[in-house]
């Protein structure tokens, strides 16, 4: 019977335009896993890369076909869909996700495995001494704070993709059939004994980040709306306060006009403008929030295929 220390391991790595990083990743990752002493596989998902990433992955599969598997998308579907495609095909009992840019060193993988062997079913890494820009570091802190206040998800660093999952958690994620999903948060909701460990963080080895500012905002908006109805509740409270504010403003204008005989010429114009602007601002926020939730429901109902796999390279 297998023990925790020798459970088979699956490493899942999404790849998008990483041709400059892949040779170094191969050179560092495989020796780390060979030294661990347990059976393993590495699943690379090529997320529609426009550079030579798929050629490098093909060559690596040819060099190490015993432990290397490659999923090739026909287009770019995003990091989390690339990870989900691998989750649906993993063979290991412990699954570790890792970015291809080497900011989270593969040498830190044993830290996560040690915590899994100690009994955790989900281990999240949090970055020590982050090497990102000042803006990105503090923007991440703000987003973490907002997430803590709007969901029940407790993560020190939601942006770190170096994480370990038990097979039971992975199976629950796959069965959930989530469309727009933030995998670390989804895993947390299914985990019975989650834990966190600090991991090193390095500067990006080569190239530039594939996450734009818009992508980061979009991802975190999915996180908040996908795991909580708190935004709708906050909006309801805001709308109530806005209504009180509108009423107070109208009362103030009436008092100035009829009690103090002020604003005689502009009373009607400013009163109407104040009411219209307030109502419009509240309505626009509400429409945006409701539209987001309706959009998520629409994506689930139409049941459109989340991604299309062009080819899978593996040894049976």
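Per-structure values
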read-out: Pair-distance profile P(r), taking every C-alpha pair of segment 30-135, with 5 angstrom steps and integer %; value: 2, 10, 18, 22, 22, 14, 9, 2, 0
read-out: Highest to lowest packing among 33-43, 11-21, scored as the average C-beta count within 10 Å; value: 11-21, 33-43
read-out: Potential lengthening between residue 39 and residue 88 on full extension [0.36 nm per residue; Cα-Cα distance subtracted]; value: 15.7 nm
read-out: Debye log10 I(q)/I(0) for segment 1-90, one point scatterer per Cα, at q = 0.12, 0.13, 0.16 Å⁻¹; value: -0.37, -0.43, -0.63
read-out: Ranking of 308, 80 by count of other Cβ atoms within 10 Å, fewest first; value: 308, 80
read-out: Cβ-derived FRET efficiency at R0 35 Å, residue 154 paired with residue 277, nearest 0.05; value: 0.35
read-out: Order of 316, 310 - criterion: other Cβ atoms within 10 Å of each residue's Cβ, fewest first; value: 316, 310
read-out: Sites residue 51 and residue 128 - FRET efficiency at Förster radius 30 Å, r taken between beta-carbons, to 0.05; value: 0.50
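Each value in this text was obtained by applying a stated rule to the coordinates, not by laboratory testing. All values derive from a computational prediction rather than experimental measurement. In this analysis, Cβ positions are derived from the backbone assuming ideal geometry, glycine residues included, and neighbour counts consider all displayed protein chains.
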